[in-house]
Amino acid sequence: MEASTIPRVKDVAFALAAAGECGQQLGRLPLQKMIYLADVLAPIWREISKPAQFKPYYNGPYDYHIQNTVDALVFRGFVTVSDANFRQIKTIECRYSLTLGGKELVNKLTHVNGLKDDFTLFQEIATEVERRGWQNIKSLVYAEPTYDCAVIAQNPERLRTESPTKNLSRSFLRDFRDSMVGFDGKPVSRRNLVQMYFAVLSRHATIKSESLTKEFA
Amino acid sequence: MPKIRRVSSTGFEPIFSDGRLDLDLPSGPFLLLGGNGLGKTTTLQTVIFALAGDAGSDIEEKTEFQWGASYFKNRLNKPQEAEVEVEFALGDTKIIVRRRMNSRTIRGVKIGGQAWIHDSTEATQKYEEGVCAAGAYECFDDFRYLVHRLCYLGESRRSLVWDQGAQLRIVMMVCGDAEMEREFRKLRSTLKETDSELRHTHVDIGSLERRLSQIETPKKAARSDDDEKGDGIQIAIRISAELEAELLPLSKMRLKLREKLVAIRKELIGINNELEHLQVTFSQLEDAFVLKTLRGMENSSAALALHKLLIHELCPFCTKKTTTLAAQAREAVAQKKCPICGQQHASDISADEIGKLRQEIAAKTIRQDELQKLLEGIEEEEARLISREVNIKDKLNIIVAKLPRVQFAEVSGLVGSNPKEIRERLRTTRTHYSQLELKKKNLEEDMEGKYKSFSNLCARRLSQLSALASEYGNKFLGAPCNFVMTPSRERLSLFSFFVPEFEEKRRESPESCSESERFFLDIAFRMAVIVFAGLLSKTRSTFICETPENALDLAYTENVAAMFQKFSYDGYSLLLTANLQLGGVAKPLLDAYPKKDKEKRTINLIEKCPLSGVQAEKKKEFMRVYRGIIG
């Protein structure tokens, strides 16, 4: 099965589409980070996790499948590249967006039951990141507890976003969801959970940056 | 684990003629060739001593197997001047350690690109820190244990296969994690202590009962100062009885909770495994479905590269017209293959299949969450109970500490004339006994639960290790040999161990094997564990072995050489000793290498060491055998 498919096509297409709705084209690393946030939130959003694929890399969580897939999608005409800038051999900067074909693909996929729901998660993430500025996606991901703990522990293994105990965001959100009920006595909606989660990430990112500033001062 | 690259010993008179021995160890086998008393064992022990210090009581429980700096004192003229320097790689880090043979402290260390550290205290500290960081060890003792008990097979021929304690510790360290192993070892040691205390208490009860029956005649004495003291004791005993009465239901509740906890953990482990599998399948199904949609679009949308190739026959790379490529691509696509590389590139998946799987996973994930929460709740409750128990036990300990100790030796003298007191003591001792029984049961269940968690979590790794060990075993025996997990029959042991099984017989004790089978199946198992640890950590290491070739006949020598060769071809190194004699392992092992390489892979100790009179007479014969080995 594995050899006959391309992994993460859906994630790449949804991330680019959701960012595109906010008028944003994603670079190589922001694309990784956006999909990482979706992986982290997936178990609480749709009760389904992705098998562990992200590793804590130099510039945040990295899954090499994503880059391979986006390159294949560029070749096949679903994704287009703009603002390519070859600074050094290893650091190629560019921005990706969906072509008309790519947008049609997303349109077709979102008509399938369940996948529409996945796309909504990407849209929620894009909205929350947009609110805080796309340049801050890095600090939001660095404040994400699963990644943060792996980096502190210098743990080179994969980030176990699928594990109920290792995905710390999931544990946190689950406890928060179970301890809170809305004003009408109903449980907190998924959308509100995501909004609250990003507020916490934002705050954590600020505290981290303040403590770093103090340390260097 | 360490891969040794270079060894340099100085001041080793009278073992080596000039007191020096320098070895450059290439990847693969390296042999120390010589005769009796020419320093083969000493050289290997020098290397192990440099890497991991002495083998004290923390490595070997039995004193006869312990060794340290004193080993060298009797062999060297000036042990205080003898020194060894070993260069080895631990993962990606190169470490050089220098040790003097008369003490445990390190004389110098150089880690990676850093400068040498020569201050003994600092060097020892940095060495231990450096080893832990480079090898991802939780503590230096783990490294020491692995070096002494896994990577080195010395002349004592300590078995790993039939030493259940050592095997359990090493397999848990390699397949599980060090923290789990340490926690487990602590539990084992507490269980042993509790069991020993239980047996002593049982003896005490017997003594008190005998004593009571001896003095069971009614005897009323007048009140005295001793009686007043006795009143104090009575009050203390009453309070302790009350506390014990309070403690017992708590312990029973905790026991029930523990049972629940074990059951939930079991279900949780099962559901975790299922989910892991389902998530992988789901991810693959979803990818296949997305690919199907993508391919559908490529067949219809003129803007896409594949469409241009299939319909308009334009090369997607250079945009030129190409009917041949288009025909090939059409054929590949018709066969659900990639038009570029020709590999399978499509699957028929319907959205319904994904939907069903999605529902199944979602239901299991919800159950997983429920179980996780339940588990956390019970763990909290258990912690509360434990805290209450500890409180009561503390109070009890204070009271018990003030009471005279009940020992058979004391019983006759101290309470010999007071049957009432003996009865009270008998009662408290019996209560203590039942508490110990409960504690032992708790510990056993705790250990069983932990071991089950370990074996469930690491089931795949254990079966991989078993397959690997069986491969090495086959190489030696030249016939099917399986290393199978077998429940231990030892007292207080609730675990399973790898034992070899061949000729349809499971060899649960070393006595069920011949001498050569015992030695070389143990070597096969060690090499498999080293290779497996290497596969997990993506590093290579060295196995250091005093080849017990005297136990081999001609037929098995080739098999042993093949087994060592397999280990070398897997990328690992061997530092072996062998006698210069006809029919040994050295020749078949080195036959695979060209002559120059053979010389690099051996050292002839006949030329390096002062020979005894008998050896000097046979020097020519030794040299002839050596030339035969290196061709």
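Here, each number is a calculation from the coordinates, and none is a lab measurement. It should be emphasised that the depicted structure is a prediction, and the values quoted were computed from it without experimental measurement. All Cβ positions, glycine included, derive from the backbone under ideal geometry; neighbour counts span all protein chains shown.
Maximal additional length on extending the B:LYS321-B:LEU257 stretch stands at 15.5 nm, based on 0.36 nm per residue less the C-alpha distance. Taking the fewest neighbouring Cβ atoms within 10 Å as the starting point, the ordered list for B:THR194, B:THR10, B:THR365 is B:THR10, B:THR194, B:THR365.
Of the trypsin sites (Lys or Arg not before Pro) found in region B:1-110, those in coil by DSSP whose Cβ has at most 12 other Cβ atoms within 10 Å are B:LYS62. When only the Cβ of Lys, Arg, Asp and Glu is charged (+1, +1, -1, -1), the dipole of region B:236-339 relative to its Cα centre reaches about 280 debye. Between the alpha-carbon centres of region B:538-574 and region B:120-135 there is a gap of 31 Å.
Taking 0.36 nm per residue of separation and subtracting the current Cα-Cα distance, fully stretching the chain between A:TYR64 and A:PHE172 would add 36.1 nm.
Each part reduced to its alpha carbon centroid, region B:424-465 and region B:18-91 end up 40 Å apart. Across chain B, Cα pairs under 8 Å and at least six residues apart give a relative contact order of 21 percent.
From the square roots a ≥ b ≥ c of the eigenvalues of the alpha-carbon gyration tensor of region A:2-216, which class results: rounded (a/c under 1.5), prolate (a/b over b/c), or oblate? In terms of gyration-tensor shape, oblate. Once the GluC sites (Glu not before Pro) in DSSP loops with at most 12 neighbouring Cβ atoms within 10 Å are cut out of chain B, the longest remaining piece is B:217-489. As an equivalent ellipsoid, the protein assembly as shown spans semi-axes of 57, 46, 26 angstrom, where each value is the square root of five times an eigenvalue of the C-alpha gyration tensor, largest first. Here's the list of lysines a cross-link from A:LYS186 could span, going by alpha-carbon distance under 27 Å and ignoring same-chain residues fewer than 8 apart: A:LYS116, B:LYS364, B:LYS373.
Loop-located trypsin sites (Lys or Arg not before Pro) across region B:516-563 with a Cβ neighbour count of 15 or fewer within 10 Å are B:LYS538, with loop assigned by DSSP. All C-alpha pair distances within chain B, sorted into 10 Å bins from zero, spread as 3, 12, 16, 16, 16, 15, 12, 7, 2, 1, 1, 0, 0 percent across the bins. By DSSP, the beta bridges lying fully in chain B are antiparallel in about 70 percent of cases.
Counted by Cβ distance under 13 Å from A:ARG95, the other residues give a net charge of -1, where Lys and Arg count +1 and Asp and Glu count -1. Taking trypsin sites (Lys or Arg not before Pro) as exposed when DSSP calls them loop and at most 11 other C-beta atoms lie within 10 angstrom, chain A has its longest site-free stretch at A:91-217. Averaged over the residues of peptide B:290-299, the number of Cβ atoms from other protein chains lying within 10 Å of each residue's Cβ is 6. Taking a ≥ b ≥ c as the square roots of the eigenvalues of the Cα gyration tensor, region B:418-545 is classed as prolate, since a/c reaches at least 1.5 and a/b is larger than b/c. For chain A, hydrophobic long helices are taken as DSSP H runs at least 15 Å long by C-alpha position along their axis with mean Kyte-Doolittle hydropathy of -0.5 or more; these are A:9-21, A:28-45, A:64-76, A:190-216.
Across region B:486-579, the relative contact order, built from alpha-carbon pairs under 8 Å that are at least six residues apart, equals 23 percent. Of the DSSP H helices in chain B, those with a Cα length along their own long axis of 27 Å or more and a mean Kyte-Doolittle hydropathy reaching 0.0 comprise B:515-537. For B:LYS62 and B:ARG627, the FRET efficiency from 1/(1 + (r/R0)^6), where r spans their Cβ atoms and R0 equals 51 Å, is about 0.75. Counts of other chain beta carbons within 10 angstrom of each beta carbon in peptide B:274-286 average 5.
Mean partner shielding of peptide A:112-120, defined as the number of other chain Cβ atoms within 10 Å of each residue Cβ, is 3. Listing B:VAL147, A:VAL200, B:VAL614 from fewest to most neighbouring C-beta atoms within 10 Å gives B:VAL614, A:VAL200, B:VAL147. As a rough footprinting exposure proxy, the listed residues B:HIS148, A:HIS111 were ranked by other beta carbons within 10 Å of their own, and the order from fewest upward is A:HIS111, B:HIS148. Neighbours of B:ASP119 by Cβ distance under 15 Å: Lys/Arg scored +1, Asp/Glu scored -1, total +3. Among the trypsin sites (Lys or Arg not before Pro) in region B:279-321, those placed in a DSSP loop whose Cβ has at most 13 other Cβ atoms within 10 Å are B:LYS320.
For B:LYS373, the shell of other residues with beta-carbons less than 10 Å away shows a net charge of -4, using +1 for Lys and Arg and -1 for Asp and Glu. Taking 30 Å as the straight-line reach from the Cα of B:LYS618, the lysines in range (excluding those fewer than 8 positions away in the same chain) are B:LYS40, B:LYS73, B:LYS78, B:LYS587, B:LYS595, B:LYS596, B:LYS598, B:LYS600, B:LYS608. Amide hydrogen proximity for A:LEU26: with H placed 1.01 Å from N in the peptide plane, the residues at 5 or more positions away or on another chain lying under 5 Å are A:TYR96. Quote the FRET efficiency, to the nearest 0.05, computed for B:GLU389 versus B:HIS200 with a Förster distance R0 of 35 Å and r equal to the Cβ-Cβ distance. With a Förster radius of 35 Å, E is 0.95. Let a ≥ b ≥ c be the square roots of the eigenvalues of the Cα gyration tensor of region B:459-534; is it rounded (a/c under 1.5), or, if not, prolate (a/b larger than b/c) or oblate? It is oblate, given that a/c is not under 1.5 and a/b is not larger than b/c.
For B:ASP92 and B:LEU582, the FRET efficiency from 1/(1 + (r/R0)^6), where r spans their Cβ atoms and R0 equals 41 Å, is about 0.45. Annotation: aspartates and glutamates with alpha-carbon distance below 13 angstrom to B:LYS619 (same-chain offsets under eight excluded): B:GLU607.
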